[in-house]
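Participant: Input: one structure, supplied below.
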Amino acid sequence: MTTEGRRTTAGQGQGRGSAANEHRQARREPADAPRPAGPATAATPAEPATPTAPASTPHHSPWRSWREAAEQALYGPDGFYTRPGGPGPAGHFRTSVHVSPLYAGAVAALLRRVDAALGHPDELALVDVGAGHGELLTGVLAALPEETAGRLRPYAVERAARPEGLDPRIAWRADLPAPGSLTGLLFANEWLDNVPLDIVETDADGVPRRVLVRADGTERLGPPVDGPDAEWLARWWPRATPGAADRPAPGLRAEIGRPRDAAWARARRTLRAGLAVAVDYAHRRAGRPPFGTLTGFRAGREVQPVPDGSCDLTAHVALDACAGPGAEQLTQRTALHVLGVTGRRPPLSLATTDPAGYVRALGAAGDAAELTDPAGLGAFGWLLEPVGGTACAGLLAADAESNTHSTADSTTDRTAD
């Protein structure tokens, strides 16, 4: 991938295909190789930390579930995101936040809609989950009118240390605020894709088994999937689940999204009233990729996922499984168009009357086009969930009706129920 990073091409990783799977198989230990002495994972707790923490595999075993391995590689003492003095996400890939100030401006516009829907409360919260170095909150504060900014209580939720020079108005937290403690907008831009999860693969008999991994990235198949994880697969990733009449082909992979479902449920419960929004590259039940989406990123390039702390580890999000009752789903293209990010080119006449203004407007149009590109960032999913009543329901829907996008972009995908 180019230096634009993982976040600028939504389809990257969905098209990994059999070649990538064959490469992994070439590195896998034989199926009868020694297995860990203990279980590969444990059931997901009802209210996990942020992000979720898996149960431990015995320390003497080099084999761990991908969920445990990624937790340590990303968030351990010397993890990819928590390593002291590290460059942060912007040093390795570019999200929508880094593309242009237009994105922070759109979030500010959404926050103002939430504020109005809530009746302009004395204290208005903005919680940025997975805040990186605080770039989004900094941009939103700059884009808000003084009256709104004066009532705003911005919270950055990030497990890395607070960056130097950050606006003192921003409260920096390693975990989410208490449930039901805030009123306003919770915004999680590309956070759920970094919540660790288990990877499974079907064996020669079509049975889904947990994939175990060593620190060098070598994999082997572990025990069969059972219990709540098997139920999640059957409901949300049926391609990799044995059916009544047939069985899956060998080598299919899936990513068990239960930790992300639980993490998102906990995040939205932070709000007493308001709107919770998750933005990520996602897939839906009917189109789950047959070989999964797990990949790594380092210095702006896609690399083999190796859980040694040297690279980002990420996988697309099953946002439809995360969605609660009353949730809405839009594409980023639709959402940003509603919030005024359209990518329209300035009139050519402006080049004559205000050449500098024309150049600035042309640059902004280019940024907007990148943010809303239907083959890139514009294809990202926005999951919107009103909390504490219906005041914040449909804040983008009325405008979105005039959009020309398919209705699948603006309805909740719960048909699998």
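Participant: State all residues of region 204-214 that are surrounded by 15 or more Cβ atoms within 10 Å (Cβ to Cβ) and in contact (Cβ under 8 Å) with a residue 24 or more places away in the chain; if no residue qualifies, say none. Don't jump to the end; show me each part of the working.
Facilitator: Initial filter on region 204-214 (surrounded by 15 or more Cβ atoms within 10 Å (Cβ to Cβ)): 206-214.
Hits for region 204-214 are GLY206, VAL207, PRO208, ARG210, VAL211, LEU212, VAL213, ARG214.
Participant: Any chance region 314-336 includes a residue that's under 17 Å from the mean Cα position of the chain (by Cα) and at pLDDT below 95?
Facilitator: yes
Participant: I would also like to ask the following. Where in region 103-201 are there strands (runs of 3 or more DSSP E), lying fully within it, with 1 or more residues that are modelled with pLDDT of 95 or more and surrounded by 21 or more Cβ atoms within 10 Å (Cβ to Cβ)? Reasoning before the result, please.
Facilitator: Values: elements: 124-129, 152-157, 171-173, 182-189.
Fully inside region 103-201 and qualifying: 124-129, 152-157, 182-189.
Participant: Another question about this same structure. Go over the candidates ARG284, ARG253, ARG258 one by one and state the one that is open to solvent by 10 Å² or more (accessible area, probe 1.4 Å) and over 25 Å from PRO374 (Cα atoms). Spell out how you get there, then give the answer.
Facilitator: Numbers: ARG284 fails: over 25 Å from PRO374 (Cα atoms); ARG253 fails: open to solvent by 10 Å² or more (accessible area, probe 1.4 Å).
Unique residue meeting the criteria: ARG258.
Participant: Further, regarding this structure: Looking only at region 291-303, count how many residues are touching a helix residue (DSSP H, G or I) at 6+ places or on another chain (Cβ under 8 Å) and either modelled with pLDDT under 95 or not in a loop (DSSP other than H, G, I, E, B) (or both).
Facilitator: Summing the residues that are touching a helix residue (DSSP H, G or I) at 6+ places or on another chain (Cβ under 8 Å) and either modelled with pLDDT under 95 or not in a loop (DSSP other than H, G, I, E, B) (or both) in region 291-303 gives 5.
Participant: Could you list, in sequence order, all residues of region 169-208 that are charged (D, E, K, R) and either within 20 Å of the chain's Cα centre (by Cα) or under 28 Å from ALA393 (Cβ atoms) (or both)?
Facilitator: Of region 169-208, the ones charged (D, E, K, R) are 169, 173, 175, 190, 193, 198, 201, 203, 205.
Correct list: ARG173, ASP175, GLU190, ASP193, ASP198.
Participant: Do we find a residue being within 17 Å of GLY292 (Cβ to Cβ) and over 25 Å from the mean Cα position of the chain (by Cα) anywhere in region 226-241?
Facilitator: Within region 226-241, none of the residues are within 17 Å of GLY292 (Cβ to Cβ) and over 25 Å from the mean Cα position of the chain (by Cα).
Participant: Oh, and also: Taking GLY222 as the residue in question, decide whether it is touching a Lys or Arg at 6+ places or on another chain (Cβ under 8 Å), assigned to a strand (DSSP E or B) and over 21 Å from ALA188 (Cβ atoms).
Facilitator: Working: touching a Lys or Arg at 6+ places or on another chain (Cβ under 8 Å): yes; assigned to a strand (DSSP E or B): yes; over 21 Å from ALA188 (Cβ atoms): yes.
Yes: the conditions hold for GLY222.
Participant: Suppose the filter is part of a strand (DSSP E or B) and either open to solvent by less than 40 Å² (accessible area, probe 1.4 Å) or closer than 28 Å to ALA125 by Cβ (or both); does ALA265 pass it? Steps first, answer last, please.
Facilitator: On the way: part of a strand (DSSP E or B): no; either open to solvent by less than 40 Å² (accessible area, probe 1.4 Å) or closer than 28 Å to ALA125 by Cβ (or both): yes.
Judged against the criteria, ALA265 is not a match.
Participant: Output the number of the condition that CYS311 fails; it satisfies all remaining conditions of (1) within 22 Å of GLN72 (Cβ to Cβ); (2) open to solvent by 10 Å² or more (accessible area, probe 1.4 Å); (3) not polar (S, T, N, Q).
Facilitator: If we test CYS311 against (1) within 22 Å of GLN72 (Cβ to Cβ); (2) open to solvent by 10 Å² or more (accessible area, probe 1.4 Å); (3) not polar (S, T, N, Q), just (2) comes out false.
Participant: Then there is this: Would you be able to say whether some residue in region 232-245 is farther than 30 Å from GLY394 by Cα, in a strand (DSSP E or B), without any contact (Cβ under 8 Å) to a residue 24 or more places away in the chain and open to solvent by 10 Å² or more (accessible area, probe 1.4 Å)?
Facilitator: Going through region 232-245, the residues farther than 30 Å from GLY394 by Cα turn out to be 233-234, 238-245.
Right, trim to in a strand (DSSP E or B) and you get none.
No - not one qualifying residue is present in region 232-245.
Participant: Specify the residue that is modelled with the lowest pLDDT; the eligible residues are those in region 379-399 that are part of a helix (DSSP H, G or I) and surrounded by fewer than 18 Cβ atoms within 10 Å (Cβ to Cβ).
Facilitator: From region 379-399, those part of a helix (DSSP H, G or I) are 379, 397-399; that's our starting set.
With the extra rule that they be surrounded by fewer than 18 Cβ atoms within 10 Å (Cβ to Cβ), the set shrinks to 397-399.
Working: ALA397: 80, ALA398: 53, ASP399: 58.
Selected residue: ALA398.
Participant: Quick check: anything in region 251-259 closer than 27 Å to SER310 by Cα, in a helix (DSSP H, G or I) and not β-branched (Val, Ile, Thr)?
Facilitator: Taking every residue of region 251-259 in turn, at least one turns out to be closer than 27 Å to SER310 by Cα, in a helix (DSSP H, G or I) and not β-branched (Val, Ile, Thr).
The values are calculated or read from the model by the stated rules, or taken from the named source; none is laboratory data. Not measured: the values here are computed from a predicted model. Every residue, glycine among them, receives a Cβ derived from its backbone with ideal geometry; neighbour counts consider all protein chains shown. Side chains included, ligands, DNA and RNA excluded: accessible areas come from the protein's heavy atoms. Shrake-Rupley method; radii C 1.70, N 1.55, O 1.52, S 1.80 Å.
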